[in-house]
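Heads up: the structure comes next, in C-alpha cells.
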C-alpha cells in the first residue's frame, strides 16, 4: 500500500478563499478519499514539527491555497515535501464568476456547491497521485 497523500489547505483566516480551501480539503480527506489521505496541520508544517516534517518528507502532497501567496505549497516545499498537485482557489473561482460563496466565517449555498463540485475533481487527482500517476 502506498503512503497516504497529504492534503494541505492554507489557513486563510479572515477570507472566504481560505474557508473554501479548508472545506474543500476536509471534504476530500474526510469523505471522498478518507482511506488514502490525511490532512496535516499547516501550523505544524510551518513550525517544522519533527513528526509532521517526517510525514511530509515521506509522501506526496496536494496543496490548496486561497490566495496568490501560496503559503501551503511554499510551506510544504520548504519542509521537504513533494507537492504533487498545487491547487489555487482563485483558479477554481474562475469557473464560478459572479458567484459570492459566503464570507470568512460561513459558506452559503453557492459556496457549498463550489466545494462539492470541486471536491469530486480534486478527489480524482488525489487518487491519481496515490496511484503514482502524477
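The values are calculated or read from the model by the stated rules, or taken from the named source; none is laboratory data. On a predicted model such as this, the values are computed, not experimentally measured, just so you know. We place every Cβ from the backbone using ideal geometry, glycine too, and count neighbours over all the protein chains shown.
Being closer than 16 Å to residue 129 by Cβ, crowded, with 21+ Cβ neighbours inside 10 Å and modelled with pLDDT of 95 or more is a condition met by no residue of the stretch 44-59.
Being touching a strand residue (DSSP E or B) at 6+ places or on another chain (Cβ under 7 Å), within 21 Å of residue 123 (Cβ to Cβ) and surrounded by fewer than 21 Cβ atoms within 10 Å (Cβ to Cβ) is the requirement here; does residue 82 meet it? Judged against the criteria, residue 82 is a match. Being within 25 Å of residue 132 (Cβ to Cβ), surrounded by fewer than 16 Cβ atoms within 10 Å (Cβ to Cβ) and modelled with pLDDT of 95 or more: is that true of residue 26 here? Judged against the criteria, residue 26 is a match. Taken together, 12, 102 contain a single residue that is at positive phi, surrounded by fewer than 20 Cβ atoms within 10 Å (Cβ to Cβ) and either at pLDDT 95 or above or out of contact with any strand residue (DSSP E or B) (no Cβ under 6 Å at 6 or more places or on another chain) (or both), which is 102.
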